[in-house]
1. If a residue has to be closer than 16 Å to ALA186 by Cα and either in a strand (DSSP E or B) or open to solvent by less than 40 Å² (accessible area, probe 1.4 Å) (or both) to count, how many in the range 100-141 make the cut?
2. Quick check: anything in the range 207-217 open to solvent by 10 Å² or more (accessible area, probe 1.4 Å), touching a residue at least 12 places away in the same chain (Cβ under 8 Å) and part of a loop (DSSP other than H, G, I, E, B)?
3. Suppose we keep only residues that are more than 15 Å from ALA209 (Cα to Cα) and among the small types (Gly, Ala, Ser) within the range 126-145. Which one would you say is nearest to the ligand (Cβ to nearest atom)?
4. Exactly one condition in (1) over 19 Å from ARG261 (Cα atoms); (2) at pLDDT 95 or above; (3) open to solvent by less than 10 Å² (accessible area, probe 1.4 Å) is false for LEU154; which is it?
5. Under 8 Å between Cβ atoms, at least 6 apart or on separate chains: pull out the pairs that start in the range 284-307 with a residue that is closer than 20 Å to SER351 by Cβ and part of a helix (DSSP H, G or I) and end on any residue that is modelled with pLDDT of 95 or more and open to solvent by 10 Å² or more (accessible area, probe 1.4 Å).
6. Kindly provide the set of residues from the range 157-174 that are open to solvent by 10 Å² or more (accessible area, probe 1.4 Å), within 16 Å of the ligand (Cβ to nearest atom) and either out of contact with any strand residue (DSSP E or B) (no Cβ under 8 Å at 6 or more places or on another chain) or assigned to a helix (DSSP H, G or I) (or both), ordered by number.
7. List pairs: first residue in the range 120-141 and at negative phi, second residue among the basic types (Lys, Arg) and modelled with pLDDT of 95 or more anywhere in the structure, Cβ distance under 6 angstrom, at least six positions apart or on different chains.
8. Determine whether the range 399-407 contains at least one residue that is within 16 Å of the ligand (Cβ to nearest atom) and either closer than 24 Å to VAL306 by Cα or open to solvent by 10 Å² or more (accessible area, probe 1.4 Å) (or both).
Amino acid sequence: MPALAPSGRADFPDGFVFGVATAAFQIEGALDEDGRVPSIWDTFAARPGTIERGETGKTACDHYHRYADDVALMAALGVDAYRFSLAWPRILPEPGRPNPAGIAFYDRLLDELLAAGITPWATLYHWDLPESLEAAGGWPARETAYRFAEYAALAADRFGDRIGHWLTVNEPFVSSMVGYASGVHAPGRVDPAAAVRAAHHLMLGHGLAMRELRARHPDAQVGLALSLTPVEAFEGRAEFTDAVRRVDGMCNRLFLDPLLRGSYPGDVVADLAHVSDLAHVADGDLALVGAPVDFLGVNYYHPTVVTGGFWPGSAEAATSGSGRPRCEMGWEVDPDGLTRLLRRLHEDYDSPTIYVTENGSAWPDTVTETPDGGRRVADPERTAYLQTHLQACRDAIAAGVDLRGYFAWSLLDNFEWAFGYRMRFGLVHVDFGTQVRTVKDSGRWYAALLGAGARP
Ligand code: GCO
């Protein structure tokens, strides 16, 4: 059934949270400022051939200096909440050595958000591991999970009076498998056994960090964000049934099962046996990982259509298309995939409260001049994506899913990892030469939905 577009807040339950999302390395810039130390993405992006056109996060959206204007943009959009990430390399450059200047930046950002009536949702780890910790072993090393918990404790101490919603880790699948198995993301290692260890230690880090947050702020809402995708066989062909199981296992159940069921799925453990014997999983780990979260963050972009096997421990699944339209990233656009995914979490996992913590699409954008000398970005595909995926949220709620919010990815066009700045996901266009922001038509539609027409 073609999804229609919701028209206003009244189409959603009372209190449904509408937000926008970003991440520190993708928008802040100022990589060498005020005591920040290099992260694995600084190092990775400096390696020739890793990022399109050799682009880096050096300036990005210059959000480190323009944060007040960007908060004003969010207020103009009428968002209730802002999901951003705290930069570990700014806040705790070395274990035991907090950086006052880095902490002060987030104090300023929080002051602006709270003054604008925007609720801060903070992600502790959005991939910018301090390089010094990677040099000491990175996420494949168990010690990194304990360093992460120390960082979480510091963040809770310094910001917990103003941040009430925390996401510990963003997308452990991408961070572990794309960073340590396929090597397309930082730190660019190709070592499936290390990737499997990294996946576990990221989840252990989640459990340890959640314990630190809860000890300091029992009333805080704590969760994490998983990149989840409904997996289907190409043309529904039975020959790909096991490929669907394997890819679903690696992409989804390797994380959902320890988090929500307290154990690793047996079939995935068997799939991984020739890569890892899971000897790194210590007694007590799964009780920490499986401790109840207050919410599950779902990052959804597209379905995954498989045609072949899946090399356990890598991010490379043999995939194909199903004829659906694709965004600039080559990802199929499938709003119903979001409803199917959310219903699966509700029906198969008895999921806790869910928030869609990322959802968005990349399209080539053009800025045009308006008759009154202003600027406009007509982005009908992004607007349609937003409308149909918000409708998909409504369909999931109608099916009984406890879905309480939606964060559009992203507020701003930003550094899209290996793609550099070519892929534009923002509701707000950024001219990276001048740093001029222009609210796109999709942003204006979102603002109208939220009931606050985007002021120019
Ligand atoms: C992710 C990350 C974001 C991306 C976005 C588009 O989900 O990969 O959380 O940082 O930029 O998803 O790929």
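1. The total comes to 13.
2. Yes; the residues of the range 207-217 include at least one that is open to solvent by 10 Å² or more (accessible area, probe 1.4 Å), touching a residue at least 12 places away in the same chain (Cβ under 8 Å) and part of a loop (DSSP other than H, G, I, E, B).
3. GLY138
4. Every condition holds for LEU154 apart from (3).
5. That search, which allows pairs on different chains as well, returns LEU286/GLY262; LEU286/SER263; LEU286/TYR264; ALA287/GLY262; LEU288/ARG211; VAL289/GLY262.
6. PHE173, VAL174 - these are the residues of the range 157-174 that are open to solvent by 10 Å² or more (accessible area, probe 1.4 Å), within 16 Å of the ligand (Cβ to nearest atom) and either out of contact with any strand residue (DSSP E or B) (no Cβ under 8 Å at 6 or more places or on another chain) or assigned to a helix (DSSP H, G or I) (or both).
7. Note: pairs meeting the criteria are TRP121/ARG83; LEU133/ARG147; PRO140/ARG197.
8. Checking the range 399-407: not a single residue is within 16 Å of the ligand (Cβ to nearest atom) and either closer than 24 Å to VAL306 by Cα or open to solvent by 10 Å² or more (accessible area, probe 1.4 Å) (or both).
The values are calculated or read from the model by the stated rules, or taken from the named source; none is laboratory data. As the structure is a prediction and not an experimental result, all values here were calculated from the model. Neighbour counts run over all protein chains shown; Cβ positions are idealised from the backbone, glycine included. Each accessible area value is taken on the protein alone, full model and side chains, heavy atoms only, with ligands, DNA and RNA left out. Shrake-Rupley method; radii C 1.70, N 1.55, O 1.52, S 1.80 Å.
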